[in-house]
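Below you'll find the structure, written out as structure tokens, and then a few comments.
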Amino acid sequence: MPLSDELRDLYQQVILDHSRNPRNHGELPPPCLHAHGDNPSCGDEIDVWLRLGDNGVIEDLKFKGQGCAISQASASMMTQKIKGKSKDQAASMREDFRRIVMGDGAPQDEDALGELVLLEGVQKFPQRVKCAMLAWRAVEQALEGK
Ligand code: ZN
């Protein structure tokens, strides 16, 4: 299904804005969880730092990275959406986001993803799915202590 011109403009604006002005950019001081992810096929790298509360809520998280606009914008938007959420909620959001970018079934709670749904266009570019998922996989690794 082709994107309307309006939606394509919005998509480009949002991606560019987040990649140029990443939200929650930086590192957290220890003690915290950390993971590094890379996507050699595109040259993207992401480091994430998370602090979990006693109740399993992601109290704070930050990221640093380099690479294509999609990888960095996805990371920036992700940090805004999963901050304050529980580990379980973040895992459901990751699965919903994966469905959207891979075109693999309907998400359970599309509203929770907000503007992240604008990245659904990458499903036409399988190489770009790894870019979009990179930060999410890094968070998963950090939470599981891998
Ligand atoms: Zn990339």
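The values are calculated or read from the model by the stated rules, or taken from the named source; none is laboratory data. Note that the structure is predicted; figures quoted are calculated from it, not measured. Heads up, the Cβs are rebuilt from the backbone with ideal geometry, glycines too, and the neighbour counts pull from every protein chain shown. Side chains are part of the model used for accessible areas, which takes the heavy atoms of the whole protein and leaves out ligands, DNA and RNA. Shrake-Rupley method; radii C 1.70, N 1.55, O 1.52, S 1.80 Å.
Quick look at the values:
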| read-out | value |
| --- | --- |
| Long-range HN-HN contacts of Arg23 with modeled amide H, under 5 Å | none |
| Glu27 accessible area, 1.4 Å probe, all protein chains in place, Å² to nearest 10 | 100 Å² |
| At least 20 Å along the helix axis (C-alpha) and Kyte average at least 0.0, DSSP helices within the chain | none |
| Helix-derived mean residue ellipticity, 222 nm - over the chain, DSSP H n ≥ 4, -39500 (n - 2.57), to 500 | -15000 deg cm²/dmol |
| Rg over Rh, two decimals, region 1-124 (C-alpha only, Kirkwood Rh) | 0.97 |
| Simple spin-label estimate for Asp17 and Ser4 in nanometres, 7 Å along Cα-Cβ | 1.8 nm |
| P(r) of region 58-146 over all Cα-Cα pairs, binned every 10 Å from zero, in whole percent | 18, 55, 26, 1 |
| Accessible surface, region 5-144, averaged per residue in Å² (probe 1.4 Å) | 51 Å² |
| Column: log10 I(q)/I(0), Debye, Cα scatterers of region 39-104, q = 0.23 Å⁻¹ | -1.06 |
| Lys, Arg +1 and Asp, Glu -1 on Cβ, resulting dipole of the chain about Cα centre, debye, nearest 20 | 300 debye |
| Share of carbon and sulfur in the accessible heavy-atom surface of the chain [1.4 Å probe, %] | 47 percent |
| Computed lengthening from Glu27 to Phe125, 0.36 nm per intervening residue step minus Cα-Cα distance | 32.2 nm |
